[in-house]
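These notes are about the structure you will find just below.
The values are calculated or read from the model by the stated rules, or taken from the named source; none is laboratory data. No experiment lies behind these values; they were computed from the predicted model shown. Ideal geometry is used to build each Cβ from the backbone, glycine not excepted, and the neighbour counts take in all protein chains shown. Note: areas computed on protein heavy atoms with side chains; ligands, DNA, RNA excluded. Shrake-Rupley method; radii C 1.70, N 1.55, O 1.52, S 1.80 Å.
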There are 4 protein chains.
Amino acid sequence: MERFFASDNCSGVHPEILKAIEAVNKGHVVGYGDDIYTKKAIEQFQKEFGEDVDVFFTFLGTGANVTGISSVLNPYQAVICAESAHINEDECGAVERFSGSKLIPIETHNGKLTVELIEPHYKAIGFEHHAQPKVISITQTTELGTVYRPGEIKKITDWAHQRNLLVHMDGARIANAAVFLNIPFKAFTKDVGVDILSFGGTKNGLMYGEAVVFFNSHLAQNYKYIRKQGMQLASKMRFIAAQFDAYFKNTFWQNLAKNANEVAQYLADEIKVFPFIELTQKVESNGLFVKLPKELAEALQEEIFFYDWDESNNVYRWMCSWDTTKDDVQSMIRLIQQKAKHLQLI
Amino acid sequence: MERFFASDNCSGVHPEILKAIEAVNKGHVVGYGDDIYTKKAIEQFQKEFGEDVDVFFTFLGTGANVTGISSVLNPYQAVICAESAHINEDECGAVERFSGSKLIPIETHNGKLTVELIEPHYKAIGFEHHAQPKVISITQTTELGTVYRPGEIKKITDWAHQRNLLVHMDGARIANAAVFLNIPFKAFTKDVGVDILSFGGTKNGLMYGEAVVFFNSHLAQNYKYIRKQGMQLASKMRFIAAQFDAYFKNTFWQNLAKNANEVAQYLADEIKVFPFIELTQKVESNGLFVKLPKELAEALQEEIFFYDWDESNNVYRWMCSWDTTKDDVQSMIRLIQQKAKHLQLI
Amino acid sequence: MERFFASDNCSGVHPEILKAIEAVNKGHVVGYGDDIYTKKAIEQFQKEFGEDVDVFFTFLGTGANVTGISSVLNPYQAVICAESAHINEDECGAVERFSGSKLIPIETHNGKLTVELIEPHYKAIGFEHHAQPKVISITQTTELGTVYRPGEIKKITDWAHQRNLLVHMDGARIANAAVFLNIPFKAFTKDVGVDILSFGGTKNGLMYGEAVVFFNSHLAQNYKYIRKQGMQLASKMRFIAAQFDAYFKNTFWQNLAKNANEVAQYLADEIKVFPFIELTQKVESNGLFVKLPKELAEALQEEIFFYDWDESNNVYRWMCSWDTTKDDVQSMIRLIQQKAKHLQLI
Amino acid sequence: MERFFASDNCSGVHPEILKAIEAVNKGHVVGYGDDIYTKKAIEQFQKEFGEDVDVFFTFLGTGANVTGISSVLNPYQAVICAESAHINEDECGAVERFSGSKLIPIETHNGKLTVELIEPHYKAIGFEHHAQPKVISITQTTELGTVYRPGEIKKITDWAHQRNLLVHMDGARIANAAVFLNIPFKAFTKDVGVDILSFGGTKNGLMYGEAVVFFNSHLAQNYKYIRKQGMQLASKMRFIAAQFDAYFKNTFWQNLAKNANEVAQYLADEIKVFPFIELTQKVESNGLFVKLPKELAEALQEEIFFYDWDESNNVYRWMCSWDTTKDDVQSMIRLIQQKAKHLQLI
């Protein structure tokens, strides 16, 4: 298969994005973001989120998460997150190394934190023996493909702000959430109290580049130094900027995320015929978490690559991308049929 | 002016590089470097440096320097470097933060370290009160545009290896050095004992992406974790790889660096007519370090952007790029004439 | 009450230990451990653990834990520990800050790790996105007063060593464990595969000072630098050394820990008459974890200080010390009676 | 010799200090500084420095320096210090590791910084590529035994405060400075604008323990967490407190430092007869920096231990302590005579 279901970053770059890159490739501009293209891209963010937001580009999502979170943390403070969070499970301890801070991971059944889950870990405040919680980091969509409703987020941010905590959102797949919720980005970030946002694009058709968005200028004050020290300051910034400029124009991002979500839903519908495949999470965005017979999973993996998610429970992850087609789904379904027959599951 | 002399990273991407990016933009490939394009790009490096080298791509030069150096350091160890080194002056303390190690900066007159300069700082070995030197980091070309000769490097690496130290080269402008020396990359890196190389491309026509090259596999053993933790692991790696693949094909890099060096030399020749401009360093690559009357510098900076280098001595930096033309130089010369006349310097 | 049940570090120094300090207070000796008294103290450790162990003194238990663990870790590696571990709950994130590494806390019901509990967290090995487990840290006695049997430890160390992991023991209360098990220190540390030991004394009659003991010289190789960088190298080392020398002489430590354990057992026996007090953990050393009616706890805390342990479950901690007496217990019992009556619990 | 001239921390504890320790060794008190003895010791500091100072005890001078400085630093900020500073030369990179910040060492001829020396290193402010100076750290007495006059300090603090920098003083030998200047501690710290002080005692008759003194409560706000995370929070704090309480009573510290300074002066006078011994620094406190014929130094070092200071220039350090006597000096003089004769220097 030309396209497969391993991850949304296995896809390439949308041709329109490439064109945007090409369009800014002329002459000299001052490096490190002091150029007209970066200015324009930031304005696009400000159209989405309001003029009072501060926006900084980074190379990658891990870079956005780590530097964004670290910028408001003292090393003696801690970050509360879901155990499944990318910052906890998939960044090789980058937050701990760069910030020197502790992560407090909380088990969830669907990737979502709630005040009830957080509360028991908010303890020993003012007690110098214990790392002091300062940031709650949530992921939208979660690593399990589920989507926080605005009200769910607001409950967390209200609770946090009453305690002088800040809320960070890892929005590596924020476009897929926006499409699912069918509301503007602002409505489930700034408007419901999120303080810092890692705004992702690479998983939805960009080549590279993410953004850290601060909804409170005070928090952004020293961030430029932290981005630099965090090895996230691009010299030829215009090429990240151009991508985001094109991404927002005519809500281009929406088409891409919409396709990914729809195809994921289509795949979810199509696999219903297989009694031996079980969805372990609601399909609210572009990923499926499926429980399969181990021998079937292995047979499939001989042909196409996808990730084990929870080995001990035979759960696997299938991701759809901006470029995944219904034909790709049909190919996948045929492959499942063929392998299942061979294994005498059907 | 469409092009100016502020930095070689003010230029854009060479169209051939963009084409190479476009060419790999099809279908899905596994992310994070486990793809055919990354394999091919690494093979290009191995053609240059020998099959036994380990090559890893990062997003930027600071990322290559910091993660490359940190990968062989314990935090109680120290890095010896020139005071002018990028890692000391221009990375906002990234080495210290990521590695926890001390930098020992040494004053030089031309950006080059020598054994004689290093020796007094190699002290208190085995004495636990003092950070223990472990890495010597040199820059090629130096931040002052000068170029180490292979023999100069070998003197340092021999001395270092006799003391169980390692030598890192920051090769952000390595192509300009290779063109000046007119020898292969290998001849002034691996062959003369360099252990770890940050191989740059962004300053010579690439969009983004650098490489860390280990000349001893043992040193590379754990680097993949450090790259990830250092926020330098690209998900869509193929787009960095494609650039380097094209960069090496038919020694494409050489054309670019050659132009930059030649134009810099041309600029150096043309300014000889101005008695009030003095070169403070030999022009061995693509940068000029010039001493100007302050009022002239300021008058020029009203029209075009370039960096102050050493304010107290009225030294400024003019960089040429892969795309700088002789016409650009002539425009600059005219601008100088005009401003100098106005200031009654001529 | 002159003595209370808050913590074993609320007690002072045993007079014999003070005498030992006084005895070495004469003339000059070289600082930082290069003196005859430090040599003698280390020999005491070697008598206990074998001549091939490496011993280093630190100021405090947190210092021993953090520098001992960090000495064998790369920042991309992780430490597996019980959620209740001192390094996780009571050191304000010191391991994360000093080592840059992730902690992987595991919930336990009695403070003890087992292979079964650890196994699900030993995952993603060789996968650069995930921090790589390298050290398992266990506490003896645990923070819940329970004691690992030698066989329980060996199961963990065998499993660990098969996977190239190392095992650290936080022995802040190791003397209480030795007394409970009634075997030499060596029998439940070195002999069952522990690699690095934080050997505590402050909680058992010393003034200050702990030791890091390496059971494999290879691991100790660079530790002296790490101790210094970790701010744990005492200039007037002889005064720590003298304490440990006296501590081991005629198994002096045993008398102290034995008293603490016995008095704790006595307290456990005496409170059996109160139906409203429930032990939540077996009393295997010098601490009791008791579930009390909240109003009783608060009434008691008006008179004497002790720590809330698990507020949401009304669990409190009562610790006995080397100097706690049966009379102290009787005073406590009387206080409980009086308060319970007043609250009409009896 | 019972006493020698290696370092002022080769001496033991003054008997009065030991008595003070003994005096507080009764019953239980709450740990970690929440006790009456710690309160009393802090009051002693407040008598010296004013009621509005915040005082925290640490285990050692390195711990005071590192946690005190780090408490006001972001990792992207830098510390300006003399190249000879203890934090730069003798703490094994502890500041860099714990704070993640860069040190900017400045060469001096006598260990003293001046505004003129600092100024060229205060650059690139607001420029994110460069670590931003935030703290100037001076040492009193300097590592070369010289003493800043109050006016010299005020020039630095005024300059610093105008630029929003803070000034830290490493006062490991602050008592020797106070005796030399013959003014109160306050007159050359708080009164002349020092912001944070590491107040040492170990080198002047204490067993262990130093203090971090903040002259601005705002700066002290989070320090308690940083002390804990920095492994400097003593559980049995009363034993540090008792030492400082006794240290201040009847200006006891003064007797000790006075003796050390006077004996150093006496030694300086007595060696004048040796034409082959040259003082390289003024003797303003308790240390002598002497240039000796190498063979003489080595002959002396066969008998007694002292440190090489600057090997390439044959400079050695002789320190006097609170307990050094004129007889000790005479023994030293006799030893020099004897060795010099043998070497035919006389």
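Where the accessible area of the protein assembly as shown is counted over protein heavy atoms with a 1.4 Å probe, how much of it, in %, is carbon and sulfur? Write out the running numbers ahead of the final one.
Details: 21920 of 47420 Å².
Carbon with sulfur: 46 percent of the solvent-accessible area.
When B:Phe59, C:Phe305 are compared by accessible area of protein heavy atoms, the largest-first order is C:Phe305, B:Phe59, using a 1.4 Å probe. Once divided by 2.2 N^0.38 Å, the Cα radius of gyration of segment B:2-131 becomes 1.39. As a length-normalised measure over Cα pairs under 8 Å and 6 or more apart, the relative contact order of segment C:15-251 settles at 32 percent.
Suppose every Lys and Arg Cβ carries +1 and every Asp and Glu Cβ carries -1, with no other charges. What dipole size does segment A:86-224 come out with about its Cα centre, to the nearest 20 debye? Display every interim value, and only then the final one.
Details: 14 positive and 15 negative charges, 73 e Å.
In debye, rounded to 20, segment A:86-224 gives about 360.
Per residue, how much accessible surface does segment D:271-342 expose to a 1.4 Å probe? Answer in Å², no decimals. Could the numbers behind the result be given before it?
Numbers: 3450 Å² over 72 residues.
Per-residue value: 48 Å².
As a test of reading the structure, rank D:Thr67, B:Thr280 by solvent-accessible area (1.4 Å probe, protein chains only), most first.
Values: D:Thr67 0, B:Thr280 55 Å².
So, going from the largest accessible area down, we get B:Thr280, D:Thr67.
Remark: segment B:15-251 carries 29 Å² of accessible area per residue (probe radius 1.4 Å; ligands, DNA and RNA excluded).
For C:Arg334, the point set 7 Å out from Cα toward Cβ sits 6.5, 9.0, 10.4 nm from its twins in the other copies, listed from shortest up.
Relative to the other identical copies, D:Pro293 shows label-point distances of 6.1, 8.9, 9.5 nm, where the label point lies 7 Å from Cα along the Cβ direction and values run shortest first. When only Cα pairs below 8 angstrom with a gap of at least 6 residues are kept, segment C:219-346 shows a relative contact order of 24 percent. With respect to the axis relating copies B and C by rotation, the chain B residue whose beta carbon is closest, plus that distance in Å, is B:Gly100, 3.
With one equal scatterer per alpha carbon and no solvent term, the Debye-computed log10 I(q)/I(0) for segment A:99-191 at 0.17 1/Å reads -0.75. Position C:Asn216: other-copy label points at 2.3, 4.7, 4.9 nm, ordered by increasing distance, label point 7 Å along Cα→C-beta.
Only protein heavy atoms count here; on that basis, with a 1.4 Å probe, A:His109 has an accessible area of about 150 Å². Sequentially through segment B:73-87, phi angles give Karplus couplings (6.51, -1.76, 1.60; θ = phi - 60°) of 10, 8, x, 7, 9, 10, 10, 8, 8, 5, 4, 7, 4, 3, 4 Hz, Gly and Pro residues having no value and appearing as x.
Ignoring ligands and nucleic acids, what accessible area does B:Lys26 show with a 1.4 Å probe (Å², nearest 10)? Here the residue's solvent-accessible area equals roughly 120 Å². Mean-square fluctuations from a GNM of chain B, with a 10 angstrom spring cutoff on Cα atoms, peak among B:Gln46, B:Gln229, B:Gln281 at B:Gln229.
Under 1.5 on a/c is rounded, so check that first for segment C:114-273, then, if it is not, pick prolate when a/b is larger than b/c and oblate when it is not; a ≥ b ≥ c are the square roots of the alpha carbon gyration tensor eigenvalues.
On the way: a/c = 2.17, a/b = 1.24, b/c = 1.75.
Here segment C:114-273 falls in the oblate category.
Suppose we compare each residue of segment D:26-40 in its chain alone and in the full protein complex with a 1.4 Å probe; which ones drop by at least 50 Å² of accessible area? For segment D:26-40, once contacts with the other chains are taken into account, D:His28, D:Val30, D:Tyr32 lose 50 Å² or more. Using a Gaussian network model of chain A in which every pair of alpha carbons under 10 angstrom is joined by a spring, one finds that among A:Asp327, A:Asp191, A:Asp158 the greatest mean-square fluctuation is at A:Asp327. Rounded to the nearest 20 debye, the dipole size of chain B about its Cα centre is 660 debye, using +1 on the Cβ of Lys and Arg and -1 on the Cβ of Asp and Glu.
What the phi angles of segment C:38-54 give under the Karplus curve with 6.51, -1.76 and 1.60, with θ = phi - 60°, is a coupling list of 5, 4, 5, 5, 5, 4, 4, 4, 5, 5, 6, 10, x, 6, 8, 8, 9 Hz, glycine and proline written as x.
Rounded to a whole number of µm²/s, how large is the Stokes-Einstein D of the protein assembly as shown at 10 °C and 1.306 mPa s, given Rh as the Kirkwood radius over C-alpha pairs? Translational diffusion coefficient: 47 µm²/s.
Take every pair of alpha-carbon atoms less than 8 Å apart whose residues are at least six positions apart; their mean separation over the length of segment D:109-192 yields a relative contact order of 33 percent. Counting only protein chain heavy atoms and rolling a 1.4 Å probe, the accessible areas of A:Thr325, A:Thr38 rank, largest first, as A:Thr325, A:Thr38. Accessible surface buried by the B/A pair amounts to about 4700 Å², both sides summed, 1.4 Å probe. The radius of gyration of the Cα set in segment B:15-251, together with its Dmax, comes out at 17.3, 57 angstrom. A cut-off under 15 angstrom between Cβ atoms defines the neighbours of C:Asp52, and their net charge, with Lys, Arg +1 and Asp, Glu -1, is -3.
Charges at C-beta only: +1 for Lys and Arg, -1 for Asp and Glu. How large is the resulting dipole of the protein assembly as shown about its Cα centre, in Debye rounded to 20? Display every interim value, and only then the final one.
Numbers: 140 positive and 172 negative charges, 1 e Å.
With only Lys, Arg, Asp and Glu charged at Cβ, the dipole is about 0 debye.
Distance distribution P(r), segment A:253-342, all Cα-Cα pairs, bin width 5 angstrom from 0: 3, 14, 26, 27, 19, 8, 3, 1, 0 percent. Using the alpha-carbon atoms, what tilt in degrees (0 to 90, nearest 10) does helix C:294-303 show relative to the longest principal axis of chain C? Around 80 degrees separate the two axes.
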